[in-house]
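The values are calculated or read from the model by the stated rules, or taken from the named source; none is laboratory data. All of these numbers come straight from a predicted model, not from anything done at the bench. Cβ: placed from backbone, ideal geometry, glycine included. Neighbour counts: every protein chain shown. Only protein heavy atoms, including side chains, enter the accessible area calculation; ligands, DNA and RNA are left aside. Shrake-Rupley method; radii C 1.70, N 1.55, O 1.52, S 1.80 Å.
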Amino acid sequence: MSVLVVGVSHRTAPVPILEQLTLDANGVHKLVHEVADCDHVLEATVLATCNRIEIYADVDRFHGSVESVSRLLCELAGTSGGTPEDVVPHLYVHYDDGAVSHLFGVASGLDSMVVGESQILGQTREALRVGQEEGTIGPALNVLFQQALRVGKRVHAETDIDRAAPSLLSFALDQATAEVGPLTGRRVLVMGAGAMASLAVSTVARLGAASIVVASRTEAHARRLAEQYDGLAVPLTQVQEALSTADVLVSCTGATGVVLPLAVVAGARVDADGPLAIIDLALPHDVDPAVGELPGVSLFNLARLAAQVDQGEGAADVAAVRQIVTEEITAFLAARRSALVTPTVVALRTMATGIVETEMQRLSSRLPELDPAARAEVEHAVRRVADKLLHQPTVRVRELANEDGAVSYTAALAKLFSLDPDAVEAVTRAEGVR
């Protein structure tokens, strides 16, 4: 079987298109099952982040599956005020070896908005977890995602890409502090209480923020997060008051619409005497983009951050990451091709063993008086002949399987020896279960 990837990301689509494809946790689970129910799809999961949505599927044929999966992704836009036609020009598709290469690059941070950032590792792990939890991932995607996670970990262990490429949050904070000054002694308001909000609170605390206020729809969640860093929790209804004394706002609520309208920010700024930096990492955006036009307010949303990312920094570390990823892709594809050959080789050797046993039975019926010792010697000799005849073809077919080209030497071997397709399939299933 082969892996298919259909997706849209910051590399192919502007933020307004990505916003049309935003899914909450329930939406991700629903999409996973819809993909798994498509014809020709055997396994499925979804990788969803603030700047990409990708469907991964193990399929038994390309045509048919790619149309169905692409249609599901495009139809998401219809539920968010857009149209499927808006999405089509921004889709990308990777198949088979290309899908492996793409996921390894994604998990390593090479395809991220901030190249080399490590948050994508956790998001890749979440895609695997969702598929496992929903029962839509089997051997093919499980092996692929597990190896992608190992590649991502190796990249961060063996290079300095973490130093060269901060997370998107860290990059945004760097841009914000350039406007309002260092975070040390600053008052920070964080909207949201999920994983990104938690990262934001811990980061600004580490950078020396004087006070931290956490606002969330669920006040208990906000309180739980704020208390870990001696902060204050408030409901979203009190955001304007909290914002009136803040120097920096980080918003990442996961809401499906604008949470911070222009009027609220304008009201909070009436008596403000210092600059305000607003970081909006939500998709769709939490903050009305018009807020950036207010005096003294600097808005850093995903669209602006994407335009400001400098991919030239840490070039040597990125090159090292690319080298590791290339090595891992080559090794994974070689192992996969070798595994595809195994069922045919096993079936061929099984057939040879059966022929030897049939001929030995025939010999016994023709020469019943044959001495047991002589019979054993004959059987040993016949088996050696069979093994030697098969040795070179089976070794070569494994070697040739790793060469590029359109010829399927495995299929040729099966045809030349008239192997039973059911026997090959049985070995394949057994290997998959193992």
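Descriptive notes on the structure:
- Of the listed residues Leu400, Leu149, the order by accessible area with a 1.4 Å probe, largest first, is Leu400, Leu149.
- Counting only the Cα atoms, the chain fills a convex hull of 177 Å³ per residue.
- Sequence of Asp96, Asp60, Asp230 when ordered by accessible area, the most exposed leading, probe 1.4 angstrom: Asp230, Asp60, Asp96
- Helix axis angle, 168-180 relative to the chain longest principal axis, alpha carbon, degrees: 20 degrees
- As a fraction of the 1.4 Å probe accessible area of the range 186-239, surface on carbon and sulfur atoms comes out at 48 percent.
- The mean accessible area for residues of the chain, using a 1.4 Å probe and ignoring ligands and nucleic acids, is 48 Å² per residue.
- Evaluated with a Cβ-only charge set (Lys, Arg +1; Asp, Glu -1), the chain carries a dipole of roughly 960 debye about its Cα centre, given to the nearest 20.
- Positive-end residue, the chain charge dipole about Cα centroid, Cβ charges, pick of Gln323, Leu207, Ala195: Gln323
- For the chain, the residue among Leu225, Leu370, Ala176 whose Cα projects farthest onto the positive side of the dipole built from Cβ charges is Leu370.
- With every protein chain in place, the range 1-158: carbon and sulfur % of accessible area (1.4 Å): 51 percent
- log₁₀ of I(q)/I(0) at q = 0.19 Å⁻¹ - the range 81-129, Debye sum with one point per alpha carbon: -0.77
- Ordering of 361-370, 136-145 by packing [mean C-beta count within 10 Å, highest first]: 136-145, 361-370
- Among beta bridges that DSSP assigns inside the chain, antiparallel share in %, nearest 5: 45 percent
- Over the C-alpha atoms of the range 1-72, the Rg to Rh ratio, Rh being the Kirkwood estimate, stands at 0.97.
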